[in-house]
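The values are calculated or read from the model by the stated rules, or taken from the named source; none is laboratory data. Here the structure is a predicted model, which means the values were calculated and not measured. These area figures cover heavy atoms from the full protein model, side chains too; ligands, DNA and RNA do not enter into them. Shrake-Rupley method; radii C 1.70, N 1.55, O 1.52, S 1.80 Å.
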Amino acid sequence: MILGLSLPQFIALHVAISLVGIASGLLALGALAAGRFHLRMHALFLATTLLTSLTGFLFPFRGFTPAIGVGVISTIVLVAALAALYGFARRGVARIVYAVTATAALWLNLFVLVVQGFLKVPALNVLAPTGTEPPFLAAQALLLIAMLVLGAAIVRRRQPSEALNPASRATA
């Protein structure tokens, strides 16, 4: 039992939170790359992505695993993203810090989604049963390239005025 849930129930909750984090991250960062900032969507993305990492630490692992490593890195990245967004309102260098850390947080969540896809989806598992085969590596490489392009687009994009206005941040 984890948090009063059976292991299958807890896994389902963890996956659901993760999928909400991924979907909201894609929407939030996609909009930001297009010059639109939606504070509530970013809040949902950051909260669910952080919750994904934190619930991941509750699984009954023994010793340090790659999943724990990803969770630690993701948590650190998310703390920086939260500070850049809420502590510094994405002003000055915090704008770039937020773009990089938010994109990295989404990439880590998507990285795990690809790993889990190749582990759990039979059609993908046949292509890369150990996770070292070319189809798995190609999928991860394409994902990384896509995230680098997204992050660069966000950094290059002129900031929406809504993001820089403290009054609109409070009501958004």
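Brief remarks on what is shown
- Rolled with a 1.4 Å probe across the full set of protein chains, the surface gives Ser53 an accessible area near 10 Å².
- Sulfur and carbon atoms: percent of accessible area, the chain [1.4 Å]: 76 percent
- Semi-axes of the equivalent ellipsoid for segment 2-96, Cα gyration tensor, largest first, Å: 28, 16, 10
- Gaussian network model of the chain, springs between alpha carbon atoms under 10 Å - residue of Ala99, Ala146, Ala28 with greatest fluctuation: Ala146
- Accessible area of the chain divided out per residue, in Å², using a probe of 1.4 angstrom: 54 Å²
- Translational D in µm²/s for the chain (Stokes-Einstein at 25 °C, 0.890 mPa s, Kirkwood Rh from C-alpha pairs): 144 µm²/s
- Sum of -39500 (n - 2.57) over DSSP H runs of 4+, divided by residues of the chain (222 nm, nearest 500): -25000 deg cm²/dmol
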